[in-house]
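Just so you know, all these numbers are worked out from the coordinates, no wet-lab data involved. What you see is a predicted model, and the numbers here were worked out from it, not measured in a lab. Positions of Cβ are generated from backbone atoms using ideal geometry, with glycine treated the same way; all protein chains shown enter the neighbour counts.
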Amino acid sequence: MKRILLILGVALLSAGCKNTTFRSSVPSYPIHLEINTNVGMYVHFVPTSVMTYLIADEKGIHLNGVTQPLTVDQAYGFAGTVVYIDGFYPYSAYDLCCPHCLKRDKPCTINGMFAVCPVCGEEYDIYSGNGVPTHGIGNEPLKRYTTTYNAATGKISVTP
């Protein structure tokens, strides 16, 4: 009898738990970028350059009109990735696929503080570091990637 009550108790407690893990509608694709802000075209891509961004896609990494090819160990996500210097974190990174439309071949474009979907017109706030929709019909944020910045070495890493 005690065993049955214990099993029922555990079952009831488990039923009350809610899974709070968010899973994006955007398919998982490899993402791995390493950017060294001490060399080449990245020397001005520093945390004080708010609202500056770079985009990584199948053609390479684009910053200020210059494109550098991806290295063998780099990957850019599903529809491309924007690494953005926002007002709250040194760097934020998002997949450029609109989670409402899911069009890999039609990535969001950057317009100031927003990523804008060319298909549905949804605007996503990338300045605040959360990628939430602000204007349009979407209700899911952009897929966000993990960024780490080592100020001592000047290296930014973008990973899933």
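Taken over the range 28-84, the criterion of being closer than 20 Å to residue 102 by Cα and of a type in the set (Val, Ile, Thr) is satisfied by 31, 55, 81, 82, 83.
Which of the residues belonging to the range 113-160 are aliphatic (A, V, I, L, M) and either out of contact with any Leu (no Cβ under 9 Å at 6 or more places or on another chain) or part of a strand (DSSP E or B) (or both)?
Applying the first criterion (aliphatic (A, V, I, L, M)) to the range 113-160 yields 113, 115-116, 119, 126, 132, 137, 142, 151-152, 156, 158.
Result: 113, 115, 116, 119, 132, 137, 151, 152, 156, 158.
Limited to the range 86-131, what total is found for residues that are of a type in the set (D, E, K, R) and surrounded by 18 or more Cβ atoms within 10 Å (Cβ to Cβ)? First the steps, then the outcome.
As a first pass, look at the range 86-131 and keep what is of a type in the set (D, E, K, R): 86, 95, 103-106, 122-123, 125.
With surrounded by 18 or more Cβ atoms within 10 Å (Cβ to Cβ) added as a condition, the list becomes 86, 95, 122-123, 125.
Counting residues in the range 86-131 that are of a type in the set (D, E, K, R) and surrounded by 18 or more Cβ atoms within 10 Å (Cβ to Cβ) gives 5.
In the range 46-64 there is no residue that is loosely packed, with under 13 Cβ neighbours inside 10 Å and in contact (Cβ under 8 Å) with a residue 60 or more places away in the chain.
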